[in-house]
Amino acid sequence: IADSALDAMWLAVATCLVFLMQPGFALLESGLTRAKNTINVATKNLTDFVVSTLVYWLLGFGLMFGDSIGGWIGADRFLPDSRAPGGGDSLFFLFELMFCATAVTIVSGALAERTRFTAYVVISLVIAGVIYPLFGHWVWNDNGWLKLAGFHDFAGSTVVHSVGGWVALAGSLI
């Protein structure tokens, strides 16, 4: 994705900026919950980032950016390898991981003080491993069915924020 060193540097800076949303969400959510739950909220935010990273690396990135099967699901690029020539998909993976983690963390804010820790970990696994990558494939993969139909998502307003928002709404209703 980075054609030059300058492109790679900009992508790295952008990745860092998006990562800063994670501690920002932790502070926001901790400030909006009762004092007795601030550590729990902060722990959930750290945990959802770790869970998102592992699941997105194992499964999600391949489902999202792998060669498309009928515009619905990716079939390869699982377990991105940083040892590949030129770093392989490393920088692109990290950039996309930040958005996956953001979608998961949006749900954390809506479910603060409403779910058990283990239930939230399961929700994080499902979002990062299935829901976010599938919808992301449809919109951002060059052969995704929504992209081919002309759908355009600028800066993740639909893929990141609506996925997080819809799962948060579903969790709040339950």
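Of all residues in the stretch 1-25, those satisfying the criterion of being open to solvent by less than 60 Å² (accessible area, probe 1.4 Å) and touching a Ser or Thr at 6+ places or on another chain (Cβ under 8 Å) are Val18, Gln22, Phe25. The set of residues in the stretch 141-162 being buried (at least 18 other Cβ atoms within 10 Å of the Cβ) and of a type outside the set (S, T, N, Q) consists of Gly144, Leu146, Lys147, Asp153, Gly156, Val159, Val160. Against the condition farther than 24 Å from Leu148 by Cβ and either assigned to a helix (DSSP H, G or I) or not polar (S, T, N, Q) (or both), how does Ala103 come out, does it pass? Taking the combined requirement at face value, the residue does not satisfy it.
Within the stretch 101-113, residues that are at positive phi have Cβ atoms under 8 Å from residues that are open to solvent by less than 10 Å² (accessible area, probe 1.4 Å) in these pairs: Glu113/Val41, counting only partners at least 6 apart in sequence or on another chain. For the stretch 163-173, filtering for residues that are within 15 Å of Val122 (Cα to Cα) and either surrounded by fewer than 17 Cβ atoms within 10 Å (Cβ to Cβ) or touching a Lys or Arg at 6+ places or on another chain (Cβ under 8 Å) (or both) leaves 2.
Selection of the stretch 9-31 for residues being in contact (Cβ under 8 Å) with a residue 60 or more places away in the chain and farther than 18 Å from Val104 by Cα yields Leu11, Ala12, Ala14. State yes or no: is Ala119 touching a residue at least 40 places away in the same chain (Cβ under 8 Å) and within 19 Å of Val51 (Cα to Cα)? No. Summed over the stretch 110-138, residues that are crowded, with 20+ Cβ neighbours inside 10 Å and either touching a Phe, Trp or Tyr at 6+ places or on another chain (Cβ under 6 Å) or part of a loop (DSSP other than H, G, I, E, B) (or both) total 3.
The values are calculated or read from the model by the stated rules, or taken from the named source; none is laboratory data. Nothing here was measured: the structure is a model prediction, and the numbers come from that model. Note that we place each Cβ from the backbone using ideal geometry, even for glycine, and neighbour counts take in every protein chain shown. We work out accessible area using only protein heavy atoms, side chains counted, and drop any ligands, DNA or RNA first. Shrake-Rupley method; radii C 1.70, N 1.55, O 1.52, S 1.80 Å.
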